[in-house]
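Only one structure is covered here, and it is reproduced in the block below.
The values are calculated or read from the model by the stated rules, or taken from the named source; none is laboratory data. These figures come from a predicted structure and were not determined experimentally. Neighbour counts run over all protein chains shown; Cβ positions are idealised from the backbone, glycine included. Just the protein is used for accessible areas: all its heavy atoms, side chains included, with ligands, DNA and RNA removed. Shrake-Rupley method; radii C 1.70, N 1.55, O 1.52, S 1.80 Å.
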Amino acid sequence: MATQRTANVYLTNQTDGTAQLQLTHQNDTNGTQSGSWVAAPGQTVGPLVVHFETGIGSWGVLDWWTVTMTVQNGSTPGIYLNTGTTAFPHWKECQLQTGDVDKDLTFTVSTTDFYTNLASGGCHDGMTRLSNYSPIRNVFVLMLENRSFDHMWGQSGIPGLTIPAPGTTNSYNGTAYPVSSPAPTSMTADPGHEFADVLEQLAGVGASYPPGGPYPPITMSGFAANYATTTNEDTAPPAGADIGDIMMEFATPTQLPTSFALASSFAICDHWFCSIPGPTWPNRFFVHGASSAGLDHSPTTAEIVQWETVAGFALPHGSIYDALTANKLQWRLYNDNTDAYSDNPQNGSSFGAIPQVTALKGVTLLQVNSLTHFASDLQGPYPYSYTFIEPNYGDVTGNTYVGGSSQHPMDDVYGGEALIKAVYEAIRNSPLWETSLLIITYDEHGGFYDSVAPVPAAPPADGSGTAYNDSGFTFDLSGVRVPAIVVSPLIAAATVDHTDYDHASVLATVERLFGFGALTARDAAANDVRHLLTLTTARTDCPTTLPPPVAGMGRVARDTVGTEASAEASAEAEDALPVADGGNLPAFLATARKAAYDTYATTAQEQAIVDAEYAAIVTRADAKAFAAKVVAKATRFRDGQAGRAR
């Protein structure tokens, strides 16, 4: 019969520099143990108490080891990870046996070698250099949807934030709509956020933008007027009683307790702007490449054909993923493909599981991982310098985005809060925590009021051209402020940061942490968040869990569905509607088609079938059916590939 045993493992730094050492042990019966220490040259640190079994039945339980080393100085600074094997990257198998019971074992690590010196017989593994020295080994970014800074944080009570002055209003048809609280948890109509909508919101009714600029004087006075008349994404304008919703702010401590706890524990940035005064797609392209290739609006079907989207949307200087690969740095993508965090996932759609990042050339659905195993992935070797995380977008087909985790205006905020909680807790309770940086932000403001005018921005100057530029915008102005929280144990609690950022600041941070050049003039000029890392040692008081999200808080928007029979009739009528040539749906359809090509449709015959199905889409019902089929087949293909790799 097997008996539970322990041993004490110490680790010696055999480099000539000060190093942060992280040792992890794992087996099938005792799970994972991990320790982290700072060691001077030649210093032995520890111990890590490891658990294992001896006796009958224990011979088949293997012990696995991984070590990460960040060398700060000396002759070979950098970040190193043991190599492992092709079958088990970055894991070294070396089994603990009876001779190791209750022993003090001293392992050694250098920039080239990792020795697991067991009393019962040792093992050796090589070391791989991951990157230049950085106090941060792993950068994580979670980007949610369509909320302004004031809308989420104006009533938070956090001292020092730049928020609206008392009595601030916007007017429409002679009625003044004040900034007030609490905000509804979901909106009855989708606020406008196309380029023309934002122009009216920032500069007032009747404002115009001449091709090539300049942008008219910004007064932040047109939000109520624009919301009152919006037909964004083919949704009806709000009822008169709901126009003022666009000016309302969450009572953050009670309505958004997860985000409030996180911001209070780390840093909140009150001058983070989206990258252009426009919608989702160009702003998300900016976080991936500091450019949108000139795109200033939600793409039409004709433009998507022009992109040759089966290959993907090409940015003139490539994406951050191209740059990381070129610099021999690894990256990883996740999304909420199972809609695990929404409080009403039954109202979502297959499209919600399609990650927007896969629209890019060079990024495929095969490279996107499910958040269902994010926390477990972080418990083992994690060689990825940069990780980008997407939510579930809910009901894309119906243009409501309900039933997701993106916090889109017509959905509630519950799913996004639950997603934030899950992502933070996975990182916080992993061996990576002490050297990790998490940025949580939003792609654009979603039409909600904000009191701070956008700031000048450096045009990308990447030769984008004008093919996708409907307005003649020169990309010399940021978009509206959006929420941003920056998390690391090297950041002091309750930090309020007034630095100007935009989404290119994500790229600037990664580029400067890991030592490679900017993609465009925008990220070259952007401020990065490294200055927030003011502490030299990791804090020990960071919360291990966050408060759960609260459903149904605040004034919930009116129920417009009615009886079950009327809901069914409404759904049938919606399904019969044609697919509009605007909004997000055409781009998601094209991304779904690309996902098919990237996974199961690899032959000319299979691709012809997908093309025929894509060309036959006329109604929203057709779009739903196409998305459901592609997502199901692509997911099975991806999971099969992953199973074969294991």
Quick one: accessible area per residue over the stretch 402-473, 1.4 Å probe, rounded to a whole number of Å²?
23 Å²
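In the neighborhood of residue 7, defined by Cβ-to-Cβ distances under 14 Å, what is the net charge if each Lys or Arg adds +1 and each Asp or Glu adds -1? Spell out each step's value before the answer.
Values: positive: 5, 103; negative: 53, 63, 100, 102, 104.
With Lys, Arg at +1 and Asp, Glu at -1, the neighbours total -3.
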From the C-alpha coordinates alone, can you work out the Kirkwood hydrodynamic radius of the stretch 223-336, in Å?
18.1 Å
Cα pair distances of the stretch 365-450 binned at 5 Å [whole percent]
3, 12, 21, 22, 18, 12, 8, 4, 1
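List the pairs from 421/624; 361/624; 594/624; 328/629 whose alpha-carbon separation is above 27 Å, in the order I gave them. Please report the intermediate quantities before stating the final value.
Working: 421/624 30 Å; 361/624 24 Å; 594/624 16 Å; 328/629 36 Å.
Listed pairs above 27 Å: 421/624; 328/629.
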Could you give me the ³J(HN,Hα) list for the stretch 161-168, computed from phi with Karplus coefficients 6.51, -1.76, 1.60 and θ = phi - 60°, whole Hz, x at Gly and Pro?
6, 7, 9, x, 5, x, x, 5
For the stretch 78-158, take N as its residue count and report Rg(C-alpha) divided by 2.2 N^0.38 Å.
1.87
Ratio of the stretch 408-532's C-alpha Rg to 2.2 N^0.38 Å, to two decimals?
1.21
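Rounded to a whole number, what is D in µm²/s for the stretch 167-257 from Stokes-Einstein with the Kirkwood radius over alpha-carbon pairs (20 °C, 1.002 mPa s)?
It diffuses with D of about 154 µm²/s by this estimate.
Can you give the FRET efficiency for residue 169 and residue 43, using 1/(1 + (r/R0)^6), R0 = 56 Å, r = Cβ-Cβ distance, to the nearest 0.05?
E(calc), rounded to 0.05, equals 0.35.
Given the Cα-Cα distance of residue 461 and residue 124 and 0.36 nm per residue of separation, how much length would full extension add, in nm?
Values: separation 337, 0.36 × 337 = 121.32 nm, distance 4.98 nm.
Working it through step by step, the gained length comes to 116.3 nm.
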Percent carbon-and-sulfur accessible area, the chain, ignoring ligands, DNA and RNA, probe 1.4 Å:
54 percent
To the nearest 0.05, how large is the calculated FRET efficiency for residue 236 and residue 496 if R₀ is 35 Å and r is the Cβ-Cβ distance?
0.35
